[in-house]
Each structure stands twice: as C-alpha cells, then as structure tokens.
C-alpha cells in the first residue's frame with residue numbers, strides 16, 4: 001500500500017468572475033520515506049495541491065489517502081512548512097515555536113523542551129533556542145519552521161517552496177541541510193517548488209505539472225546517487241529534461 | 001456540478017448582501033435595545049420623569065426642533081467646534097512643521113509639548129475660566145488648546161518622516177528652499193498632518209460638550225443637557241444627546257472617514 | 001550623536017527655565033491679581049503642603065480608584081467582546097452598529113443623565129470612565145483579532161491546536177499589538193473622562209473636583225498644583241506602565257510595527 005495516494009483530485013475556485021477550474025484529475029502515489037518534488041510554473045495549482053494534502057482545502061472531487069485513511073482536515077500525521085517567514089509565532093522563542101505541537105499534544109514541559117532542543121540541533125540552531133524570530137535571519141527562521149514541523153514526529157513533511165524567498169547562497173546551504181535532515185529522519189516528504197535544480201538535488205521523483213487547469217503532465221524519477229553533485233553531467237541532463245518538459249508546455253499554449 | 005470549493009482561503013467572500021438586507025441587519029440591534037428600553041420605561045419601575053419612554057423623547061425632540069431651540073443650541077456648538085478647531089489647525093500645523101524643520105525649534109518646543117500633552121484638556125478648564133471669565137472665549141480657547149497637541153505632534157512626525165533621499169534628489173535637481181518645502185516636504189508630511197487633524201477634531205469634539213457644561217455659555221448642547229438636569233427634564237437631556245450623537249456621526253461619516261480615506265490613499269502612494 | 005543629544009537636553013532645559021522665569025516675572029509684575037497668577041514659590045508651597053498633610057494623596061487615590069474601576073470594567077467587557085466580534089460574524093453584526101452609534105457621543109454628555117439616575121458620587125464617575133474607555137478597547141481588540149495573520153492559525157491548526165489553544169496561544173498574542181494600543185488609548189480617554197466627570201459629578205474628593213472647587217475660591221495655586229499632579233500621574237502611567245508592557249511584549253517580539261494608532 002502506498003503511504004500517500006492522491007486519487008483524481010479536482011478543485012474549482014469560486015471567484016467573483018465565476019467558477020475557475022484550479023486542478024483537474026490529479027493522481028499520484030508515493031511510498032513511505034520517499035522524497036517527492038512537485039514542480040510547475042506559477043499558477044499551476046501546486047501549492048493548492050499541497051494545501052489539499054495538508055487538509056486546509058477540501059477538493060470538489062477525489063480524495064487524499066494517507067496510510068490508507070482518507071484525509072479530513074489537518075492532522076498531526078503531517079507537518080507543514082510554508083514559504084512565508086511570518087509562519088513562526090513572533091511572540092515565542094525559537095524553542096517555544098518548535099515546542100508548540102508537543103504542547104498541543106499535552107507533552108510535559110521539560111520533555112517537550114528537550115525534544116524541541118534536539119530538533120533545533122538537527123537544523124544546527126541549538127544556540128539560538130532562546131532567540132525570538134525577528135532576531136533570526138530568513139534562512140534561520142525557515143530552519144526553525146522545519147524543526148517545528150518535525151518536532152511532534154509526523155510521518156509526512158509537506159513543504160511549500162520553503163526556500164524560495166532566500167538568497168541563492170543560503171538556499172544552497174538549506175538544500176544540503178534538508179537533504180541531511182531527510183536522510184536522518186526518513187520522513188515522507190512532498191516538496192513544492194518551481195526551481196528545477198532544487199527538485200533534481202532533493203527528489204527521488206519529480207511530478208511535473210501544467211497549468212490552466214493544473215494537471216500532472218508526467219513524472220520523472222531521479223536515479224542519481226546521494227549526496228548529489230549539481231555540477232555533474234547527469235545532474236545537468238535531468239535539469240535540462242525537466243526544463244524541456246516545462247518549457248515545451250509554455251510554447252504549446 | 002455546481003458544488004463550490006470550500007477553499008476558504010481562496011474563494012472570496014460571498015456576493016455582498018443586498019442593501020435592504022444590510023439595512024435590516026444594521027437596524028436590528030437598535031430595535032432590540034429600543035424594545036428593551038420601552039419595556040423598562042412602561043413597566044413603571046422608574047418614574048417616567050427619570051426614564052421617559054422613547055415616544056416622549058421623540059416628541060420632545062420634535063417640539064424643540066420646531067421651536068428652533070434645539071437648532072440654536074446645535075448651531076452654537078458647531079460654531080465653537082469649528083472656531084476652536086480652525087485655530088488649532090492653523091497653529092498646530094505651523095508649529096509642528098517648524099519643529100520638524102528646525103532642530104533649534106524642536107529642542108525648544110518639544111519639552112513644552114511633552115509636558116502639556118499628558119494633562120487631560122479639561123483639567124485646564126477652570127484655569128481658563130478663571131483667566132478669561134465665563135463664556136465663549138475660554139470655551140473656544142480650550143478647544144483650540146487641547147486639539148492642537150495631536151496636530152502639532154503628527155505634523156512634527158510627518159516632517160521628520162520625509163525621507164532624506166527625496167530631499168537630496170530634489171536638491172540635486174535644483175530645488176530651492178521654497179520649492180523643497182512646497183513640493184517635497186508638505187506632500188511628504190501630508191498623510192501625518194491629515195491624521196493629526198483627524199485626531200485633533202475628534203479630541204475637540206470629545207471635550208467641547210464638557211466645556212460647555214463648565215463654562216456656563218448661554219447656548220450650546222452641553223449647556224442644554226446640563227441645564228435640563230436642574231428641572232429633571234430627562235427627555236430634554238436625551239433629545240440633546242440624540243442631536244449630539246447625530247452631529248458626532250456626521251463628523252465620523254463625512255469628515256473623519258473622508259480624511260482617513262485620503263490618508264490611506266496617500267499612504268499607499270508613499271510606501 | 002551624543003553631543004547632539006546633550007545639546008537637545010540643554011536647550012530643552014533652558015526652554016523650561018525661560019518659560020518658568022517669564023511666568024514668574026509676569027506673576028510678580030503685579031499686572032494680574034496674585035489670586036489669579038500665584039508665583040511659583042506659592043504654587044510649590046501649596047503642592048508641598050498638600051503632599052505633606054496627605055490631602056493630595058487622598059484626592060489622587062480617589063481619582064485613581066475611579067479611573068481604575070472604570071478602566072478595569074472597560075477592559076473586562078471590551079476585550080472579550082472585541083474577540084467575540086472578531087471571531088463570530090453575528091456578534092459583530094449586532095455590536096458594531098450599536099458601537100458606531102454610541103462612540104461619537106462624548107462620554108461627558110451622559111453626566112447629567114447619570115447624575116439624575118444615580119445621584120452624585122462614585123457610580124456616575126466610574127460609569128462615565130467606563131463609557132469613555134470601552135470603545136477604544138472594543139474596536140482595537142476587534143481589529144486586532146481580524147488582523148491575526150491567517151498563516152499562524154493554519155500553522156497552529158496543522159500542529160493540532162484546538163479552539164481553546166488557538167484563542168489563548170495564537171489569537172490573543174497575535175492581536176497583542178492592537179490590544180496594547182487599545183489599552184493605551186482606553187486609559188488615555190479614561191484619564192480625561194475621570195477629570196471631567198469629577199468636576200461635574202464628584203461631591204468632595206478627587207483631583208478634578210479639587211481643581212473645580214478651587215476655582216470657586218480663586219485658589220489658583222491649588223489648581224496649578226493639582227494640574228502638576230494630574231500631569232505627573234498621566235505621564236507615569238503612559239511611560240512606565242504601558243511603556244514597560246510594550247517592551248515586555250511587542251517590542252521583544254518585534255511586532256511593534258503591526259499596529260499604528
């Protein structure tokens with residue numbers, strides 16, 4: 001049985017201008033501990049798809065199954081990381097943010113702080129546990145957000161372009177860090193991005209989407225050994241292939 | 001087929017309810033409160049003198065309006081408001097801009113403003129009455145004095161908020177001092193000044209009624225309701241309060257909101 | 001930078017001294033009756049006297065009691081009601097029209113009515129303070145709750161927060177810049193209202209009453225010394241109480257820019 005299964009997902013936006021199809025017939029399946037990237041041009045509904053998997057949006061047609069159970073609303077089996085740095089609670093320290101999910105579960109204070117500190121260590125921020133988010137850089141804030149999403153030990157990590165607003169150098173560091181974190185934790189990860197190099201660097205498999213309405217165009221399995229070398233010929237070949245799949249689509253319209 | 005997505009974050013609010021429904025929705029709380037008032041008034045718990053039913057208040061309101069008494073009171077109040085506020089606007093904006101432009105003026109005036117501002121305006125009232133005698137002069141002077149503080153403060157902040165880069169680029173393009181003032185400083189500070197004026201006018205309105213009660217002016221809504229207390233004319237007081245509410249609402253709708261829109265629009269332009 | 005600050009302080013001090021000197025000169029010139037314009041020495045003496053015999057403390061305590069009762073009630077009613085308005089549409093639909101109709105009526109306009117209903121005394125003053133302080137509290141809380149970043153609600157929901165946790169751990173802190181601005185504005189209005197209400201409705205105690213009563217007997221020195229005390233209390237609450245509240249919360253959290261009042 002696949003860990004996550006999307007079955008024929010369709011969604012219609014109800015806008016003032018009338019009903020606009022957002023997603024049509026999106027299906028895919030993934031195994032436990034797989035790293036799946038969803039790439040597509042902006043407006044293809046990839047973030048919406050992630051929000052449906054997270055349970056924030058209910059699709060008109062189709063359903064998401066996680067470990068065989070249909071998704072109804074958000075749940076603690078999934079951790080979510082958004083693109084917006086503002087996702088952290090500004091009134092809580094880094095540690096307080098990471099401990100939030102455990103606090104909601106009713107874990108005692110000492111225990112949840114120990115776990116939270118461990119998670120911060122995983123993203124190399126244990127020295128900033130007492131800092132408030134506004135004292136942290138964008139990259140550090142996103143690392144706290146990743147630690148926060150992992151802290152209550154969900155089986156699935158959902159990430160919506162978490163590094164898109166970072167500068168290029170920081171982004172490289174963050175991708176490397178995320179690959180390490182994934183290797184340590186073996187979560188099932190769905191990662192939405194429009195950055196093709198990022199997808200090739202991180203993913204086991206890439207789902208390519210096309211817009212208006214959002215549909216799955218094809219899937220590409222990245223058969224490269226890890227850690228991956230972004231300058232290798234094979235890496236660049238994958239990158240070219242994905243770009244071709246995306247670019248062809250743009251010309252086709 | 002027409003099942004719409006429950007995408008609460010994406011789907012926009014449903015089409016605005018019709019104007020009729022909106023009016024009904026806005027009227028509903030007043031109907032409830034009015035009904036409770038009527039029930040209490042007619043229950044006979046309190047003497048009608050103290051707790052008149054709404055129809056008595058409406059009748060008094062109509063009678064006083066017809067006889068011209070209420071319009072006269074209202075007019076005097078409005079004239080005082082305008083006079084006091086105009087003085088405050090004139091002096092407040094001038095002082096604020098001077099403070100913003102000149103370091104020397106700022107150093108000299110800021111302590112005085114900071115000492116004067118936290119004292120509630122009405123606390124000065126007896127002093128003004130003592131110095132100017134009862135009547136219009138202390139009332140208008142106090143309204144002007146009190147509402148000048150937010151105007152000064154905001155104009156000052158506004159001028160300070162004009163970005164150096166605008167001043168430099170205007171100077172680089174050959175603007176002289178006068179043009180710099182007219183074309184860069186005033187427009188740049190305008191959103192703050194408008195905010196200051198709005199706050200000042202609201203402040204003026206809040207204390208004017210109190211001053212009218214204290215200053216023993218011959219006409220004015222504050223005096224009307226204060227005087228009515230002597231004769232236990234609760235209906236007259238409530239009629240006066242209704243007129244006060246109407247003037248206040250008109251200020252809110254036609255002045256404050258306009259000013260706010262202006263500010264918001266300007267803000268949008270600036271940031 | 002430091003030299004600039006020193007010069008500003010120096011100039012500020014000079015201004016205050018010069019203004020006081022001019023006042024003193026005019027007061028001593030004999031153009032005005034000393035009863036209307038007492039010299040600084042007399043004002044200071046009166047102030048010290050009233051502080052030493054404790055009467056000033058009694059009046060200040062009476063005023064503070066009234067203002068804190070009214071302000072406390074305004075927070076007690078306005079904060080929960082504002083949150084409810086922000087969270088539930090029907091509450092907003094019911095309360096907002098009433099609030100917008102009552103808010104433009106200056107609180108002092110109710111004094112004669114309340115006196116008639118309740119007689120002179122504390123109840124009237126406290127009610128007037130409540131009326132003055134309620135609306136800023138209510139409306140700021142309401143806008144604060146509406147301004148809570150939806151991403152925080154989502155993130156908390158994803159981490160399993162229930163309604164109760166959402167309220168105490170996300171909505172209240174998320175709305176805190178507005179709530180604190182509301183507290184501040186409310187207290188400022190309350191402070192103005194209590195002085196006005198005491199002038200018109202207090203029978204024998206309170207700083208507002210002292211000032212108004214002093215007018216009858218042309219005790220300008222008493223008026224001025226009470227003004228000093230009123231200004232001092234207002235300044236201290238503004239700076240110390242609300243200032244430290246802000247530093248402990250929204251400044252520490254970097255949320256100070258969120259609410260501009």
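Just a few scattered comments:
- Residue that is part of a helix (DSSP H, G or I), at pLDDT 80 or above and within 13 Å of chain B (Cβ to nearest Cβ), where the choices are C:42, C:26: C:26
- Residue count for region A:67-100 satisfying the condition of being in contact (Cβ under 8 Å) with a residue 40 or more places away in the chain, surrounded by fewer than 20 Cβ atoms within 10 Å (Cβ to Cβ) and away from chain C (no Cβ under 11 Å): 2.
- Scan of region A:1-21 for residues that are farther than 23 Å from residue C:158 by Cα and either away from chain B (no Cβ under 14 Å) or buried (at least 23 other Cβ atoms within 10 Å of the Cβ) (or both), ordered by number: A:1, A:8, A:12
- Residue-level check: of (1) in contact with a helix residue (DSSP H, G or I) (Cβ under 8 Å, 6 or more places away or on another chain); (2) loosely packed, with under 15 Cβ neighbours inside 10 Å; (3) assigned to a loop (DSSP other than H, G, I, E, B), residue C:19 misses just (3).
- Which numbered condition residue B:150 misses (of (1) in a helix (DSSP H, G or I); (2) within 21 Å of residue C:223 (Cα to Cα); (3) within 12 Å of another protein chain (Cβ to nearest Cβ); (4) touching a residue at least 40 places away in the same chain (Cβ under 8 Å)): (2)
- Among the helices (runs of 4 or more DSSP H) confined to region C:89-181, the ones with at least 1 residues that are facing another protein chain (nearest Cβ under 7 Å) are located at C:89-102, C:111-118, C:150-158.
- Residue satisfying all of: in region A:41-66; at positive phi and buried (at least 19 other Cβ atoms within 10 Å of the Cβ); farthest from the other protein chains (Cβ to nearest Cβ) among these: A:45
- Residue in region A:204-218 that is without any contact (Cβ under 8 Å) to a residue 40 or more places away in the chain, within 27 Å of residue A:71 (Cβ to Cβ) and buried (at least 21 other Cβ atoms within 10 Å of the Cβ) present: no
- Criterion violated by residue B:105 - all others in (1) out of contact with any helix residue (DSSP H, G or I) (no Cβ under 7 Å at 6 or more places or on another chain); (2) within 11 Å of another protein chain (Cβ to nearest Cβ); (3) more than 30 Å from residue C:198 (Cα to Cα) satisfied: (1)
- Condition check for residue B:156: within 21 Å of residue C:4 (Cα to Cα) and assigned by TED's automatic domain parsing to the domain that holds residue B:219: yes
- Annotation note: of C:160, C:119, the sole residue that is free of Cβ contacts under 8 Å to residues at least 60 places away in the same chain and over 30 Å from residue C:195 (Cα atoms) is C:160.
- Looking only at region B:208-236, and only at residues there that are within 7 Å of another protein chain (Cβ to nearest Cβ) and farther than 19 Å from residue C:199 by Cα, the one that is surrounded by the fewest Cβ atoms within 10 Å (Cβ to Cβ): B:232
The values are calculated or read from the model by the stated rules, or taken from the named source; none is laboratory data. All values reported here derive from a predicted model rather than from experimental measurement. All Cβ positions, glycine included, derive from the backbone under ideal geometry; neighbour counts span all protein chains shown.
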